[in-house]
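Laboratory data are not the source of any read-out in this text; all were calculated from the coordinates shown. What you are looking at is a predicted structure, and each value in this text was computed from that prediction instead of being measured. Cβ coordinates were reconstructed from backbone atoms using ideal geometry, including for glycine residues, and neighbour counts include every protein chain displayed.
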Amino acid sequence: MTNTLQVAEEMVATLIADTNEAHPETRWDYELTSDVDNISVRSSFGTHTLRIHPCWLRFVVGHDDFESCVADEITAWYLLIGMTAGVTVAA
């Protein structure tokens, strides 16, 4: 079981680099923080930050759930943006 924070952070760094290469129109970064319960995305002006609780990250990596718990968060973000593109909200 791989559960060191260093290995988990390397996996996130690789994910972010791959995402930036696949989506050059946006810029992704990550932040390890205890300000979130598990994981969240903060967006601002074409820049997106994947915010991840370090203990949770180590847990999901240790249980081989990185793809479904971390990588799929970015996939879900793009799906939601695609679904809401062109949708206006009445005030």
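With coordinates expressed along the principal axes, the C-alpha atoms belonging to region 5-84 extend over 32, 24, 19 Å, beginning with the largest. If the segment from Ile81 to Val7 were pulled out straight at 0.36 nm per residue, it would be longer than the present Cα-Cα gap by 23.6 nm.
With +1 on each Lys and Arg Cβ and -1 on each Asp and Glu Cβ, and nothing else charged, work out how big the dipole of the chain is about its Cα centre, in Debye to the nearest 20. In debye, rounded to 20, the chain gives about 280.
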